[in-house]
Amino acid sequence: MNRLGVFLLVFFICMGASGVLSAQELPHAPSGFTITKIADVPGARELAVAPNGDLFVGTAGSEIYIVPHADTKPEHAQVFTRVSDSQAAGIAINANTMYI
C-alpha cells in the first residue's frame with residue numbers, strides 16, 4: 001500500500017459520526033509509517049484518488065473539494081464543484097470518470 005493509501009485508511013478510521021476523534025483516540029502509525037495531515041476540508045466524508053494523484057473529497061454538504069498533487073506535494077484544498085440539487089453523498093473515480 002502506498003503512502004496515500006495509508007493516509008486514506010487512517011482518514012477513514014479517524015472520522016466518526018461527530019467529526020475527527022480527539023488526540024487520545026487517534027490511532028498510532030505502525031513502525032515505518034507516519035501520519036501527515038495534508039488538508040482541511042470541512043465536513044469531509046468520501047475520498048477518491050485520481051490517476052494523476054489528485055485527491056477528491058466529498059462532503060456532508062454539496063461541495064466536492066480537490067487537493068492537487070496529494071500523493072507527492074499536496075496543495076491547499078479548494079472547491080472543485082458544487083452539486084446544486086442534493087448533497088454530495090459519495091464520490092468515486094474509475095479510469096477518467098468521476099461519479100458523484
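The values are calculated or read from the model by the stated rules, or taken from the named source; none is laboratory data. Everything numeric in this text was worked out from a predicted model, so none of it was measured. Note that we place each Cβ from the backbone using ideal geometry, even for glycine, and neighbour counts take in every protein chain shown. Keep in mind that these areas ignore ligands, DNA and RNA; they rest on the heavy atoms of the full protein, side chains included. Shrake-Rupley method; radii C 1.70, N 1.55, O 1.52, S 1.80 Å.
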Count of the stretch 70-85 residues which are of a type in the set (G, A, S) and exposed (fewer than 11 other Cβ atoms within 10 Å of the Cβ): 1
Total residues in the stretch 49-61, condition touching a residue at least 24 places away in the same chain (Cβ under 8 Å) and either open to solvent by 10 Å² or more (accessible area, probe 1.4 Å) or β-branched (V, I, T) (or both): 8
All strands (runs of 3 or more DSSP E) inside the stretch 51-100 with 3 or more residues being not hydroxyl-bearing (S, T, Y): 55-59, 63-67, 78-82, 92-94
Residues of the stretch 30-46 satisfying the condition of being crowded, with 16+ Cβ neighbours inside 10 Å and more than 17 Å from H76 (Cβ to Cβ): R45, E46
Some residue of the stretch 20-27 being surrounded by 15 or more Cβ atoms within 10 Å (Cβ to Cβ) and either assigned to a loop (DSSP other than H, G, I, E, B) or modelled with pLDDT of 80 or more (or both): no
